[in-house]
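Colleague: Supplied in structure tokens, the structure appears directly below.
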Amino acid sequence: MKSRLSRGRARTASPTPAQPAVIALVDGWEASMNDGQAAAFRHDHGPALAIAGAGTGKTRVLTHRAMRLIVEGKVDAAKLVCLTFTKPAAMEMSERLAALRDHAEAALDMPAGSIGIPTAMTFHAFVLRLVQKLPELAEAMGVPTRGRQPTLVDLTSAEGVELVREALMEAGEDYEEVEGAPDPAVIAAGGISALKGWLAGRDDAGEVAERESIALVNRGIAPPAGLRQALAIWALLSEMMDERQFLDFDDIISRAVQAIDTDPVLRGRVRGMVTMVMEDEAQDASRAQMRLVRLLCDDIMLVGDEDQMLYGWRQADSDIILSFAAERDVQTYMITEHYRCSRTILAAASDVIARNSARLGKVLVPNDARPVGAPILVARFLDETAEARFIATEIRRIQAEQPDAGIAILVRLNAQVEAIAAAFDNAGIQRQGKVPGGQRGRKRGAAAAQAKPVKIMTIFGAKGLEFDFVFLPGWADGIMPSGRTIREGREEEERNLAYVALTRGMKEVCISVPRAFGDKAPLRDSRFIGEIADSRLVHAGLPAAEPPPDPPTTDKQVNFARVIARELKLIIADEILASRPRTSIWLDFWKPRLEAKRLERKRRQTDRGRHLDDHGADEELQDIARRFRGRGAAAAE
């Protein structure tokens with residue numbers, strides 16, 4: 001495999017030392033925990049779910065529980081697997097386990113390295129480890145063990161998108177790039193990822209796509225864009241990847257699941273290697289990943305927070321942990337004492353997340369030591385340039401007063417970084433993080449010579465991190481939440497993102513709103529600002545704007561309506577949509593799209609020889625665009 005994987009091996013725990021010493025060690029670990037943490041920490045065997053909110057110490061509970069079971073002799077370290085979703089998270093977990101191991105060996109007067117620690121890695125790394133150990137699994141997955149090894153490819157990367165683009169063109173798909181619309185190859189790559197996350201095979205992809213699309217519509221969520229194109233190139237793309245010996249990251253999980261699930265002998269061998277699984281950030285699991293965990297063993301503990309599910313566009317599904325909690329034999333633990341944010345920040349984040357329906361209803365309680373803290377500042381500006389200048393000025397002030405403070409700017413879109421980077425360069429502020437064009441932030445002379453560089457990253461990248469001061473630019477409808485997630489009915493997932501952003505701040509949070517961003521204008525406050533109790537906010541800059549007037553129809557909007565018509569064709573049958581109850585979600589989201597789809601079909605049937613160019617949309621299509629925009633505005637209000 002052309003991948004950088006650690007080949008380290010977990011040692012098996014030695015015989016349990018004198019029982020009183022182990023009891024004292026474990027009691028000492030538990031003494032530093034609150035009641036919710038201690039209950040999950042003391043869970044021995046059987047399926048369990050620890051629902052742990054932001055800043056409640058869930059990774060600490062997971063790692064301490066793993067080492068408790070090892071030193072008590074209740075599990076073999078070599079057969080305990082800790083899974084998570086990112087390499088940094090896996091590395092942090094490994095470091096914590098190693099530190100606990102060192103502490104245990106010292107407390108129990110045992111030689112260094114005599115206590116084993118479990119394997120902690122990402123799902124993909126774990127499957128590749130299994131492939132190395134089980135040649136029969138590699139063969140079943142179509143992964144050669146000798147000779148040239150497959151090249152790992154992420155279809156959502158630039159390289160992967162080019163491969164999808166090539167498949168679309170070879171398949172003769174209508175490959176039209178419309179101004180203001182996403183790259184069709186990117187959209188199709190998302191459709192491919194969705195099919196693989198649903199465990200679609202080469203022969204049943206259409207059936208799976210229809211079933212899963214119906215399920216999403218029943219929840220008021222749009223199916224992933226690009227399913228039609230994905231189905232059109234499904235077989236061709238698979239052949240192209242096989243010929244070039246490419247292996248998609250999604251294939252690693254889906255092929256392993258299919259191989260283990262269909263071969264009882266192989267499944268028995270795998271289950272003989274794993275007796276316990278502990279999964280962190282379980283809310284981000286896809287159905288394929290959860291199926292893999294179920295195949296490995298029955299002794300499972302999931303640790304997660306449905307309020308922090310961010311990767312629905314990668315087929316993560318918070319319903320997985322919600323349904324897992326409802327299973328008869330699953331023991332559920334709630335960890336709700338919060339140690340990170342000020343009381344004001346936590347209360348504001350709680351105001352926002354309480355609006356979501358797909359949650360277990362937990363309420364985070366601040367630890368007694370958390371201060372009330374300053375109110376959240378909401379500042380409004382004419383455009384992103386003025387917004388960036390303000391942020392730079394505020395950061396210079398903070399750094400002059402508190403040079404050791406950790407400061408982060410968390411953006412929703414990569415496009416937001418350019419103005420911020422320019423303002424930082426002008427102000428001489430050091431920064432860390434990628435800027436447009438793939439360049440990392442330069443470290444120019446800082447206003448405060450001893451100050452730490454300011455982190456600039458997406459909200460996605462900040463998950464699991466914490467900072468003294470957090471700036472949240474671009475909190476306007478259309479940016480945060482993004483226009484696409486609003487159109488697709490994924491507002492709750494975007495609200496999770498707002499919750500994660502707010503709970504990164506320990507001392508102070510500043511939200512800013514540009515009235516214009518690029519060609520987007522006029523912009524109004526993010527709906528999430530309006531969900532925070534006004535007593536927790538202070539306002540500065542421009543006054544809050546009224547909802548913008550309905551703008552005249554533009555060529556870009558007409559083109560967008562045309563794209564919707566094309567994207568939805570053949571994704572879901574008209575009969576299915578027509579049978580849906582006339583709920584407000586259905587009316588606001590689906591009806592204008594269905595009308596646009598039918599109009600496009602009628603146009604092609606009656607006037608096949610005429611092609612619409614960017615400026616040739618007729619009054620009928622313009623009327624559809626107006627009605628679509630009107631429905632969207634009504635849904636937003």
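The values are calculated or read from the model by the stated rules, or taken from the named source; none is laboratory data. Only a predicted model underlies this, so the values are computations on that prediction, with no experimental measurement involved. Positions of Cβ are generated from backbone atoms using ideal geometry, with glycine treated the same way; all protein chains shown enter the neighbour counts. The protein model used for the area step is the full one, side chains on, heavy atoms only, and it has no ligands, DNA or RNA in it. Shrake-Rupley method; radii C 1.70, N 1.55, O 1.52, S 1.80 Å.
Colleague: Determine, yes or no, whether residue 379 is open to solvent by less than 70 Å² (accessible area, probe 1.4 Å) and under 26 Å from residue 534 (Cβ atoms). Can you show your working first?
Modeller: Values: open to solvent by less than 70 Å² (accessible area, probe 1.4 Å): yes; under 26 Å from residue 534 (Cβ atoms): yes.
Judged against the criteria, residue 379 is a match.
Colleague: Residues in region 323-339: is at least one open to solvent by 40 Å² or more (accessible area, probe 1.4 Å), closer than 30 Å to residue 484 by Cβ and free of Cβ contacts under 8 Å to residues at least 60 places away in the same chain?
Modeller: For region 323-339, residues open to solvent by 40 Å² or more (accessible area, probe 1.4 Å), closer than 30 Å to residue 484 by Cβ and free of Cβ contacts under 8 Å to residues at least 60 places away in the same chain: present.
Colleague: Being open to solvent by less than 10 Å² (accessible area, probe 1.4 Å), part of a helix (DSSP H, G or I) and either at pLDDT 90 or above or within 20 Å of residue 495 (Cα to Cα) (or both) narrows it down to one of 307, 351, so name that one.
Modeller: The conditions single out 307.
Colleague: Residues of region 185-217 being over 17 Å from residue 163 (Cα atoms), assigned to a helix (DSSP H, G or I), touching a residue at least 12 places away in the same chain (Cβ under 8 Å) and open to solvent by 20 Å² or more (accessible area, probe 1.4 Å), which ones?
Modeller: Selection gives 206, 210, 214.
Colleague: If I ask for residues that are aliphatic (A, V, I, L, M), assigned to a loop (DSSP other than H, G, I, E, B) and open to solvent by less than 20 Å² (accessible area, probe 1.4 Å), which ones from region 445-503 would you list?
Modeller: Step one: of region 445-503, the residues aliphatic (A, V, I, L, M) are 446-449, 451, 454, 456-457, 459, 462, 465, 470, 472, 476, 479-480, 486, 497-498, 500-502.
Then keep just the ones that are assigned to a loop (DSSP other than H, G, I, E, B); that gives 446-449, 451, 459, 465, 480.
Selection gives 448, 451, 459, 480.
Colleague: Could you check, for region 409-422, whether at least one of its residues is more than 26 Å from residue 478 (Cβ to Cβ), part of a helix (DSSP H, G or I) and in contact with a helix residue (DSSP H, G or I) (Cβ under 9 Å, 6 or more places away or on another chain)? Working first, answer last.
Modeller: Initially, region 409-422 is screened for residues more than 26 Å from residue 478 (Cβ to Cβ), giving none.
For region 409-422, residues more than 26 Å from residue 478 (Cβ to Cβ), part of a helix (DSSP H, G or I) and in contact with a helix residue (DSSP H, G or I) (Cβ under 9 Å, 6 or more places away or on another chain): absent.
Colleague: Moving to a separate point now. Hey, any hits in region 296-306 for a residue that's of a type in the set (Val, Ile, Thr), touching a Leu at 6+ places or on another chain (Cβ under 8 Å), under 21 Å from residue 117 (Cβ atoms) and in contact (Cβ under 8 Å) with a residue 40 or more places away in the chain? Steps first, answer last, please.
Modeller: So in region 296-306, the residues of a type in the set (Val, Ile, Thr) come out as 300, 303.
Narrowing further to those that are touching a Leu at 6+ places or on another chain (Cβ under 8 Å): 303.
In the following step, the residues that additionally are under 21 Å from residue 117 (Cβ atoms) were identified as 303.
Restricting the remaining residues to those that are in contact (Cβ under 8 Å) with a residue 40 or more places away in the chain gives 303.
There is at least one residue in region 296-306 that is of a type in the set (Val, Ile, Thr), touching a Leu at 6+ places or on another chain (Cβ under 8 Å), under 21 Å from residue 117 (Cβ atoms) and in contact (Cβ under 8 Å) with a residue 40 or more places away in the chain.
Colleague: Moving to a separate point now. Is there a residue being closer than 30 Å to residue 136 by Cα and in contact with a strand residue (DSSP E or B) (Cβ under 8 Å, 6 or more places away or on another chain) anywhere in region 306-315? Show your work before the answer.
Modeller: Taking region 306-315 first, the residues closer than 30 Å to residue 136 by Cα are 314-315.
Then drop every residue that is not in contact with a strand residue (DSSP E or B) (Cβ under 8 Å, 6 or more places away or on another chain), which leaves 314-315.
Checked region 306-315: at least one residue is closer than 30 Å to residue 136 by Cα and in contact with a strand residue (DSSP E or B) (Cβ under 8 Å, 6 or more places away or on another chain).
Colleague: For the list (1) farther than 24 Å from residue 297 by Cα; (2) modelled with pLDDT under 90; (3) aliphatic (A, V, I, L, M); (4) open to solvent by less than 20 Å² (accessible area, probe 1.4 Å), I need the number of the one condition that residue 143 fails.
Modeller: (1)
Colleague: Within region 218-251, can you find the residues that are touching a strand residue (DSSP E or B) at 6+ places or on another chain (Cβ under 8 Å), in a helix (DSSP H, G or I) and under 17 Å from residue 194 (Cα atoms)?
Modeller: 249 - this is the single residue of region 218-251 that is touching a strand residue (DSSP E or B) at 6+ places or on another chain (Cβ under 8 Å), in a helix (DSSP H, G or I) and under 17 Å from residue 194 (Cα atoms).
Colleague: Can you name the residue in region 278-292 that is part of a loop (DSSP other than H, G, I, E, B) and touching a Lys or Arg at 6+ places or on another chain (Cβ under 9 Å) and is also modelled with the highest pLDDT among such residues?
Modeller: Narrowing region 278-292 to residues part of a loop (DSSP other than H, G, I, E, B): 280-281, 285.
This time we only want the ones that are touching a Lys or Arg at 6+ places or on another chain (Cβ under 9 Å), so: 280-281.
On the way: 280: 90, 281: 86.
So the residue we want is 280.
Colleague: Here is a follow-up. Report yes if residue 372 is over 20 Å from residue 525 (Cα atoms) and either in contact with a Leu (Cβ under 7 Å, 6 or more places away or on another chain) or without any contact (Cβ under 8 Å) to a residue 40 or more places away in the chain (or both), otherwise no. It would help to see each step written out before you state the result.
Modeller: Working: over 20 Å from residue 525 (Cα atoms): yes; either in contact with a Leu (Cβ under 7 Å, 6 or more places away or on another chain) or without any contact (Cβ under 8 Å) to a residue 40 or more places away in the chain (or both): yes.
Judged against the criteria, residue 372 is a match.
Colleague: Return yes when residue 288 is in contact (Cβ under 8 Å) with a residue 60 or more places away in the chain and of a type in the set (Gly, Ala, Ser) and no when it is not. Steps first, please.
Modeller: Details: in contact (Cβ under 8 Å) with a residue 60 or more places away in the chain: yes; of a type in the set (Gly, Ala, Ser): yes.
Spelling it out, residue 288 is indeed in contact (Cβ under 8 Å) with a residue 60 or more places away in the chain and of a type in the set (Gly, Ala, Ser).
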